[in-house]
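The values are calculated or read from the model by the stated rules, or taken from the named source; none is laboratory data. As the structure is a computational prediction, the values presented were derived from the model and not from experiment. All Cβ positions, glycine included, derive from the backbone under ideal geometry; neighbour counts span all protein chains shown.
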Amino acid sequence: MAFFDELTKKAKDVAAVAADRAKDAAEVAKGAAEVAKINMAIAGEQREIDKNYRTIGEWFVSEYEGQIPDAVRELVDAVTASKAKIAELEASKPARDEEPVVEVSMQKKCPICGAESDSKFCPHCGAPMGE
């Protein structure tokens, strides 16, 4: 019986260690999830900051169009050039109604009677329509 008692004790010890490691892993995963949640919140706030800075810049450029300071003149000129390039690219897009319409027929010809159908079997003679 001493053998089984010793075996039971070792099994309990191994189970306790496994439970501790599982608990530690769960805590690490919970911590990682918490960090990911915080990082997502930070990224969201950064997007808000970027959006607000962009709005400030657009307002500034439109408000002081003829009086842009030399310190930001190159940036404003780069934005203006990019807007012109975008307009040029938009104008070069083909019109939607110019795209060719391709009609695909799913009709198959019956190898026996020659009737056309989209079913697996011919509606006239009942023969398999094939592939």
For ASP50, indicate whether it is surrounded by fewer than 10 Cβ atoms within 10 Å (Cβ to Cβ) and charged (D, E, K, R).
no
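Taking the criterion of being β-branched (Val, Ile, Thr), outside any helix (DSSP H, G or I) and touching a helix residue (DSSP H, G or I) at 6+ places or on another chain (Cβ under 9 Å), would at least one residue in the stretch 98-112 satisfy it?
No, every residue in the stretch 98-112 fails to be β-branched (Val, Ile, Thr), outside any helix (DSSP H, G or I) and touching a helix residue (DSSP H, G or I) at 6+ places or on another chain (Cβ under 9 Å).
For every residue, the table says whether it meets (1) at pLDDT 90 or above; (2) under 30 Å from GLY130 (Cβ atoms).
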site	(1), (2)
ARG21	no, no
VAL28	no, no
GLU34	no, no
MET40	yes, no
ALA78	yes, no
PRO100	no, yes
Of the criteria (1) more than 30 Å from CYS125 (Cα to Cα); (2) at pLDDT below 85, which one ARG54 fails:
(2)
Set LYS93, LYS108, LYS83: member being exposed (fewer than 10 other Cβ atoms within 10 Å of the Cβ) and among the charged types (D, E, K, R):
LYS93
